[in-house]
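What follows is a single structure, written as structure tokens, with notes after it.
The values are calculated or read from the model by the stated rules, or taken from the named source; none is laboratory data. Quick caveat, the model's predicted, so the values are computed rather than measured. Cβ: placed from backbone, ideal geometry, glycine included. Neighbour counts: every protein chain shown.
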Amino acid sequence: MNVFGWINDQLLRMQWLADLVSAAVSATGLDPASRIGGSVHFFVYDVIKIFILLSVLIFSISLVQSYFPPERTRRILGGRSGIGANILAALLGTITPFCSCSSIPLFIGFTAAGLPLAITFSFLISSPLVDLASVILLASIFNWSVALVYVFVGLVVAVVGGTLIGRAGMEDQVAEFVRTAPVHDMSETMTWPKRLNYARDQLSEIIHRVWLYVLIGVGIGAAIHNWVPESVISGLLGQDKWWSVPVATIIGVPMYADIFGTLPIAEALIGKGVGLGTVLAFMMAVTALSLPSIIMLKRVVKLPLLALFLVVVTGGILGIGVLFNAITHWFI
Amino acid sequence: MIIKILGSGCKKCLALEENVKAAVAKAGRDAEISKVTDMAEIASYGVMSTPALVVDDKLVSAGKVLSADDIGVWLWSGSLP
């Protein structure tokens, strides 16, 4: 038996847990193959699996992130330009600690330090979209090729989106106080005990922030999985429907949820025969754009730049959705 | 002593405010504690992550929820442990 396959099945997909929950569901007298039993199994198994993975991942990733406070990212990116700088910004976006409530101070800090809009936006797009924890979770729910593809296309949206926004020459569309803000460098070198503390704090904070979204997401996933007839889902979001990607994107944009909450929904949709591109578009729309983040961004940029940001990101998501539906059979 | 907590009103900002209040009460200091949510004013302190703590117009920390004990140490010695 190959080791990689074992890691994938038992550690990431947690086959042992699925079997254990099956046995537990059967023990209560429910048949895991029945509708109710199946919903209970989906819910219990997914909730436990996501929380186990989330805890391990956030803790270890926070340790990595403790080496990349936003001030350091800003120093690394300072004075760079061109496509290479966009790629670097998108990559750093995946490891810099980030929560949507701090995206605006971050935007101000980057812009005040003289970073071009192209680089700042590459970072701002990739930061919520591609996140180390989400990649491993994707690998656990689907497989490694889907996870790597998700990262790759997420980075492409960030790089291309940032570049397009930079080309538009909208540096004057930023609120005046942003450009005149002072630049402070608060970052400190952390000792190991401090890093461990930091990782523990991040873990408890993120679990507090996302647990409800995860429960709701898994609940919706379980409902889709066992109660919504396949014909309804495929009629609305089936691969043969040209509108499936736009519909998934439009539903996803105003929604505000963590990627952890969207994963179980994605899992259930794939199970109902929805195209990979449609599902990726939905996940990206939920995580990259949301009403709260748009309202916050409106406080620091003027309307034309905000509109361009929305158009570029939405366009990128649509493009990726359509492309991946065309090539789904390569991955699943 | 004027203490300001900078942040857009997220959970962490509330936690920091609670810790500041606790530390000030414990130290028996007289302090005016206020929350700053206006982006322009937050930006004027040059912080990149919130919540941030400003005491008498001096930036003490950014992006962290300091514990009441740490804030207490700062109140006495002017530096963080």
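Read through the list (1) within 14 Å of another protein chain (Cβ to nearest Cβ); (2) assigned to a loop (DSSP other than H, G, I, E, B); (3) surrounded by fewer than 21 Cβ atoms within 10 Å (Cβ to Cβ); (4) on the phi < 0 side of the Ramachandran plot, then give the number of the only condition that A:R72 fails.
Exception for A:R72: condition (2).
Out of all the residues in the stretch B:1-59, which are at the interface with chain A (Cβ under 8 Å from one of its Cβ atoms), of a type in the set (D, E, K, R) and more than 12 Å from the chain's Cα centre (by Cα)?
B:K11
Name, by its number, the condition in (1) touching a residue at least 24 places away in the same chain (Cβ under 8 Å); (2) under 15 Å from A:V183 (Cα atoms); (3) crowded, with 19+ Cβ neighbours inside 10 Å that does not hold for A:P105.
(1)
Anything in the stretch A:191-206 that is within 11 Å of chain B (Cβ to nearest Cβ) and over 24 Å from B:L14 (Cβ atoms)? List them, or say none.
Within the stretch A:191-206, no residue meets the criteria.
Which of the numbered conditions does A:G82 fail, given that it passes all the others? Conditions: (1) free of Cβ contacts under 8 Å to residues at least 24 places away in the same chain; (2) over 29 Å from A:V156 (Cα atoms).
In the conditions (1) free of Cβ contacts under 8 Å to residues at least 24 places away in the same chain; (2) over 29 Å from A:V156 (Cα atoms), A:G82 misses (2) alone.
Look at A:L137 and say whether it is closer than 23 Å to B:M48 by Cα, among the aliphatic types (A, V, I, L, M) and away from chain B (no Cβ under 12 Å).
Against the criterion (closer than 23 Å to B:M48 by Cα, among the aliphatic types (A, V, I, L, M) and away from chain B (no Cβ under 12 Å)), A:L137 does not qualify.
Out of A:V210, A:V174, A:V160, A:V153, which single residue is modelled with pLDDT under 85, in contact with a helix residue (DSSP H, G or I) (Cβ under 7 Å, 6 or more places away or on another chain), of a type in the set (A, V, I, L, M, F, W, C) and over 19 Å from A:P70 (Cα atoms)?
That would be A:V210, the only listed residue that is modelled with pLDDT under 85, in contact with a helix residue (DSSP H, G or I) (Cβ under 7 Å, 6 or more places away or on another chain), of a type in the set (A, V, I, L, M, F, W, C) and over 19 Å from A:P70 (Cα atoms).
Here's a check for you: in the stretch A:183-215, which residue that is under 27 Å from the mean Cα position of the chain (by Cα) and among the acidic types (D, E) is surrounded by the fewest Cβ atoms within 10 Å (Cβ to Cβ)?
That would be A:D201.
Search the stretch A:85-117 for residues being at pLDDT 85 or above and not in a helix (DSSP H, G or I), and hand back the single one that is farthest from the other protein chains (Cβ to nearest Cβ).
My answer is A:P116.
What are the pairs with Cβ atoms under 7 angstrom where one residue, in the stretch B:47-76, is over 12 Å from B:E18 (Cα atoms) and the other, located anywhere, is among the basic types (K, R) and in a loop (DSSP other than H, G, I, E, B)? Sequence gap at least six, or different chains.
B:L75/B:R29
Filter the stretch A:166-190 down to the residues that are assigned to a helix (DSSP H, G or I) and closer than 18 Å to A:R299 by Cβ, then identify the one that is nearest to the other protein chains (Cβ to nearest Cβ). Quick ask: steps written out before the conclusion?
The initial filter retains those residues of the stretch A:166-190 that are assigned to a helix (DSSP H, G or I), namely A:166-167, A:171-173, A:176-179.
Okay, now just the ones that are also closer than 18 Å to A:R299 by Cβ, so A:171-173, A:176-179.
Values: A:E171: 17, A:D172: 17, A:Q173: 16, A:E176: 9, A:F177: 4, A:V178: 6, A:R179: 10 Å.
So the residue we want is A:F177.
Among the helices (runs of 4 or more DSSP H) confined wholly to the stretch A:220-286, which include 3 or more residues that are surrounded by 21 or more Cβ atoms within 10 Å (Cβ to Cβ)?
Filter on the stretch A:220-286 gives A:244-252, A:259-271.
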